[in-house]
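Input: a single structure, listed below in structure tokens.
The values are calculated or read from the model by the stated rules, or taken from the named source; none is laboratory data. Keep in mind the model is a prediction, meaning the values are calculated, not measured. FYI the Cβ positions are ideal-geometry reconstructions off the backbone, even for glycines, and counts take in every protein chain you see.
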Protein chains: 2
Amino acid sequence: MHEKIATIEDVARHAGVSIATVSRALHKPDVVSQTTREKVQAAIATTGYTANVMARNLRLNRSGMILLLVPDIGNPFFSAILSGIEQGASKAGYNVLIGDTQNDPDREATYAAYLRSNQADAMILLNGRLPAPLANSPANATPPVVIACERIPGCGLPTVIIDNEQAAFEATTHLINHGHRKIANVAGPDNNILTVDRTAGYRRALSEHGIAIDPKLTFVGDYSIDAGIAAGRSLLADAKTRPTGLFCASDGMAIGVIVAAKELGLRVPEDVSVFGFDDIHLAAAYDPPLTTVRQPRRRLGEQAITLLLDRLDPKTPNKTGKTDPVIVPTELIIRQSTGPCPQG
Amino acid sequence: MHEKIATIEDVARHAGVSIATVSRALHKPDVVSQTTREKVQAAIATTGYTANVMARNLRLNRSGMILLLVPDIGNPFFSAILSGIEQGASKAGYNVLIGDTQNDPDREATYAAYLRSNQADAMILLNGRLPAPLANSPANATPPVVIACERIPGCGLPTVIIDNEQAAFEATTHLINHGHRKIANVAGPDNNILTVDRTAGYRRALSEHGIAIDPKLTFVGDYSIDAGIAAGRSLLADAKTRPTGLFCASDGMAIGVIVAAKELGLRVPEDVSVFGFDDIHLAAAYDPPLTTVRQPRRRLGEQAITLLLDRLDPKTPNKTGKTDPVIVPTELIIRQSTGPCPQG
């Protein structure tokens, strides 16, 4: 049923040259005559022989593939990270295959098995959890794995993250500096390390300014627009208890909060200030344009693939040693969804 | 360097049973005692043996992987399609690996080579172009390939699409029925089959209502928000030539047009009506909520994986025959970005 895969022998036969000549034409073209190179190229085209990557990978006993596990490919947050990873991988002769785990441990385990059977050479995890088959292995016994975006406490693998605590601290401080005192925390899922870190930063900012933490001003969401709408409806409906500022753990939730605020007849930022997180592509095109924490997403991806290629390089010494996480700096992007406290 | 991969022998040794017993426990658990099943399960957990998928795939001489080529994983349009594909694949015991081609023919070719070397069992193309190594092969000689979203004229492979011409016709007709006569076409890239089909539908609607086609009212974009902003600035700046309605080939471009309209002090829909395409998740949360063509994206994905699994099933007869494309119906979603023509 499957078409026969063309071999280097097929190319040699079609070109009317020896296998050694085909190999030289592919790997040391400068030592082969122009005529021979052209004959070999024509034969490659005819046979469909895929020398460039597959053959080299076979020779190097590698798959040439890097596996990238993402918790939800539908989240636009990941696109620029993927782009940074793919560019770096591509330059080094690797291709990236993306597995969408949907936060499902079974799917994570299946993809990790693909890695362990050497159908991929290395893995980058964006999902904040070690797949079960890896969790039992010491860090130095698996094919190279790099963690990005969500740190995994105690796992010891190379990690690239932003400083979520500091970013949340700065965003909340910005609201405080604009006179806001009643500031809500529209947080991510409870069990998530990002939530732990960002909530810690939000609380530190309040504490440093002597503002008491009101647990009624925290809403637990899942980063989605719908969660933001629910948060806005719940937190903003009652004029007496309403916060004047909301720090949201994603731009999606910030957009949802603004939708709910408008439903309630509230103006953003005149009546209520909304701070997002991520700086997704649409943040600048929203109405009002979102004030947010910019995650340097492409740089996160670039750093992750750099760390991984370093581990894949046989010349790198001490590749199993524990390393401190690489911290990529964030930036506050002040647009029009935040302003002075109306009661200020 | 790599950890040794656990074999069925390792499981048998750990469980203190024979290999045949392990195999029975895995494949015919009902013929094995409860105690034995538990011993085997414990041994699988200890050794990290990945029997469920990898072993079965080895036995069936398949990789268990379906390769999905996407032109731009950053486009939120694709997420629900992927989700539909992954759900169907998962039920049939397949995993999906996504390759982001970035519209680069070299990347397409490299991923296709991965398929031809049987590291994946089948492929779904969302990118509207046959990778070079497949383009030369007759449809019945490759591992199964299914086309979704963008038809490839004349390629003969099973295809799942929406009727882009009809959808564009209906959207444009909706604007005409609301009194609009000066209607712009904010189109996708010139060389794209989607653009050809949607522009044909836009023109048919104008023709059927006796409205002359004004080439100055067409703007060629790339589906992005930025292209929409450029289109809006270019088409809406001059009050004398300004269209009152714009049919946009993506929600991203519709959002960009609205950003530009607001910059120019125009109200949507009071001064100008903007029609999108896709119904991305954010369309309903935008201000104003977008009127758009809903693509049944999850169903597109489900239909594509159904066609593919059918081709993978050895019991399916006549699997190399040409088939008509499967057309998944679209739906007009009328929200607040369109209204009556202000001059009507």
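Assorted remarks:
- When the stretch A:12-44 is filtered for residues that are closer than 23 Å to B:PRO133 by Cβ, exposed (fewer than 15 other Cβ atoms within 10 Å of the Cβ) and over 44 Å from the mean Cα position of the chain (by Cα), the ones remaining, listed by number, are A:ARG13, A:GLY16.
- Positions within the stretch B:329-343 being closer than 15 Å to B:PHE277 by Cβ and either hydrophobic (A, V, I, L, M, F, W, C) or free of Cβ contacts under 8 Å to residues at least 60 places away in the same chain (or both), in sequence order: B:GLU331, B:LEU332, B:ILE333, B:ILE334, B:ARG335
- Residue list for the stretch A:270-285, filter: buried (at least 24 other Cβ atoms within 10 Å of the Cβ) and farther than 12 Å from A:PHE77 by Cβ: A:VAL272, A:SER273, A:VAL274, A:PHE275
- Meets criteria (surrounded by 24 or more Cβ atoms within 10 Å (Cβ to Cβ) and aliphatic (A, V, I, L, M)) for B:ALA227: yes
- The stretch B:324-344: number of residues that are among the β-branched types (Val, Ile, Thr) and assigned to a strand (DSSP E or B): 3
- Candidates A:GLN295, A:GLN336 - the one that is within 13 Å of chain B (Cβ to nearest Cβ) and either closer than 20 Å to A:LEU175 by Cβ or among the aliphatic types (A, V, I, L, M) (or both): A:GLN336
So that you can scan it fast, the table gives a plain yes or no per residue for (1) at pLDDT below 85; (2) not assigned by TED's automatic domain parsing to the domain that holds B:ASP214:
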| site | (1), (2) |
| --- | --- |
| B:GLY93 | yes, yes |
| B:GLN102 | yes, yes |
| B:ASP106 | yes, yes |
| B:ALA148 | no, yes |
| B:ILE152 | no, yes |
| B:CYS155 | yes, yes |
| B:LYS182 | no, no |
| B:ASN185 | no, no |
| B:THR195 | no, no |
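- When residues of the stretch B:218-256 are limited to those that are among the β-branched types (Val, Ile, Thr) and under 18 Å from B:ASN191 (Cα atoms), the one farthest from the other protein chains (Cβ to nearest Cβ): B:THR218
- Selection of the stretch B:81-95 for residues being more than 7 Å from chain A (Cβ to nearest Cβ) and either under 16 Å from B:VAL145 (Cα atoms) or not basic (Lys, Arg) (or both) yields B:ILE81, B:GLY84, B:ILE85, B:GLN87, B:GLY88, B:ALA89, B:SER90, B:ALA92, B:GLY93, B:TYR94.
- Selected residue (criterion: farthest from B:THR292 (Cα to Cα)) from residues of the stretch B:174-191 that are surrounded by fewer than 20 Cβ atoms within 10 Å (Cβ to Cβ) and in contact (Cβ under 8 Å) with a residue 12 or more places away in the chain: B:ASP190
- Candidates A:SER250, A:SER234, filtered to the one that is more than 30 Å from A:GLY93 (Cα to Cα), free of Cβ contacts under 8 Å to residues at least 24 places away in the same chain and out of contact with any helix residue (DSSP H, G or I) (no Cβ under 6 Å at 6 or more places or on another chain): A:SER234
- Restricting A:ALA139, A:ALA120 to those that are surrounded by fewer than 20 Cβ atoms within 10 Å (Cβ to Cβ), modelled with pLDDT under 95 and within 14 Å of chain B (Cβ to nearest Cβ) reduces the list to A:ALA139.
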